[in-house]
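Can you keep this structure in mind? I'll have questions shortly.
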Amino acid sequence: MKLEAYIRDVPDFPKKGILFKDITPLLKAPEALREAVDGLCRQVEGSDVDVVVGIESRGFIFGAAVACQLGVGFVPVRKPGKLPAETAMEEYALEYGTDALEIHRDAISPGTKVFLVDDLLATGGTAAAACRLVEGLGGEVVHVAFLIELAFLKGREQLKGQEVSSILVY
């Protein structure tokens, strides 16, 4: 199945000059969604995974589905102030300024084997921050997988030392 056919290009979103890769047509098509989830699951075949971590917000969609298929739990990584229990926070650089992510401190125990999933790899800052959160709690990132990678933004450079894969590369 050609998943590219289910990715819609939206010019000038969220701002002028950006070509946004819209996954909502893929999410609406059951066969494409199933293939995307299957493709992400294939990235860790033969690996020992205890939990899937998904990054807010579209990483929740794929991460939770992947966790169900793998028969493991799901842990959300969110923007600050969204999680109700005690959290760990990791800041990361943006083009101008910083942002941050949080995870519940009790979500990852030392030695937990983590499969990190998100919809898109762009500059890599968000995924790298999520990896640092997991590792800061004693977890081991087994693999980082994305549905889409915008290779020209060189996000993999932020994830050196990690096993990284993408289903679609632009």
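The values are calculated or read from the model by the stated rules, or taken from the named source; none is laboratory data. None of these values were measured; they are calculated from a predicted model. So basically every Cβ, Gly included, is an ideal-geometry build from the backbone, and we count neighbours across all protein chains shown.
Within the stretch 62-76, identify whether any single residue is aliphatic (A, V, I, L, M), closer than 18 Å to Leu116 by Cβ and in a loop (DSSP other than H, G, I, E, B), and answer yes or no. Give the steps one after another, and end with the answer.
Going through the stretch 62-76, the residues aliphatic (A, V, I, L, M) turn out to be 64-67, 70, 72, 75.
Still in the list and also closer than 18 Å to Leu116 by Cβ: 64-67, 70, 72, 75.
Filter again for in a loop (DSSP other than H, G, I, E, B), leaving 72.
There is at least one residue in the stretch 62-76 that is aliphatic (A, V, I, L, M), closer than 18 Å to Leu116 by Cβ and in a loop (DSSP other than H, G, I, E, B).
Another question, then. Looking only at residues that are of a type in the set (Asp, Glu) and surrounded by 14 or more Cβ atoms within 10 Å (Cβ to Cβ) in the stretch 23-44, which one is nearest to Gln162 (Cα to Cα)?
Filtering the stretch 23-44 down to residues of a type in the set (Asp, Glu) leaves 31, 35, 38.
Retained after the next criterion (residues that are surrounded by 14 or more Cβ atoms within 10 Å (Cβ to Cβ)): 35, 38.
Working: Glu35: 24, Asp38: 21 Å.
Filtering first and then ranking leaves Asp38.
With the requirement that a residue be surrounded by fewer than 23 Cβ atoms within 10 Å (Cβ to Cβ) and assigned to a strand (DSSP E or B), what does the stretch 120-134 give you?
Correct list: Leu120 only.
Name, by its number, the condition in (1) exposed (fewer than 14 other Cβ atoms within 10 Å of the Cβ); (2) farther than 22 Å from Phe20 by Cα that does not hold for Glu102.
(1)
Read through the list (1) of a type outside the set (Lys, Arg); (2) within 14 Å of the chain's Cα centre (by Cα); (3) within 23 Å of Met1 (Cα to Cα), then give the number of the only condition that Glu56 fails.
So the condition that Glu56 fails would be (3).
Test each condition in (1) out of contact with any strand residue (DSSP E or B) (no Cβ under 6 Å at 6 or more places or on another chain); (2) surrounded by 19 or more Cβ atoms within 10 Å (Cβ to Cβ); (3) without any contact (Cβ under 8 Å) to a residue 24 or more places away in the chain for Phe152 and report the one that comes out false.
The failed condition is (2).
Can you pull out the residues in the stretch 135-170 that are touching a Ser or Thr at 6+ places or on another chain (Cβ under 6 Å), over 26 Å from Arg8 (Cα atoms) and either at pLDDT below 95 or not in a loop (DSSP other than H, G, I, E, B) (or both)?
If the condition is that a residue be touching a Ser or Thr at 6+ places or on another chain (Cβ under 6 Å), over 26 Å from Arg8 (Cα atoms) and either at pLDDT below 95 or not in a loop (DSSP other than H, G, I, E, B) (or both), then Val142 is the only one that fits.
Could you check the stretch 1-60 for strands (runs of 3 or more DSSP E) lying wholly inside it with 1 or more residues that are of a type outside the set (Val, Ile, Thr) and more than 23 Å from Arg78 (Cβ to Cβ)?
The qualifying strands (runs of 3 or more DSSP E) are 8-11, 19-22.
Looking only at residues in the stretch 77-117 that are at pLDDT below 95 and part of a loop (DSSP other than H, G, I, E, B), which one is nearest to Val142 (Cα to Cα)?
The qualifying residue nearest to Val142 (Cα to Cα) is Leu94.
Something else about it: Counting only residues that are of a type in the set (A, V, I, L, M) and closer than 11 Å to Gly59 by Cβ, which one in the stretch 105-119 is surrounded by the most Cβ atoms within 10 Å (Cβ to Cβ)?
Step one: filter the stretch 105-119 for residues of a type in the set (A, V, I, L, M), giving 107-108, 114, 116-117.
Remaining after also requiring closer than 11 Å to Gly59 by Cβ: 116-117.
Values: Leu116: 29, Val117: 32.
Among residues in the stretch 105-119 that are of a type in the set (A, V, I, L, M) and closer than 11 Å to Gly59 by Cβ, the one surrounded by the most Cβ atoms within 10 Å (Cβ to Cβ) is Val117.
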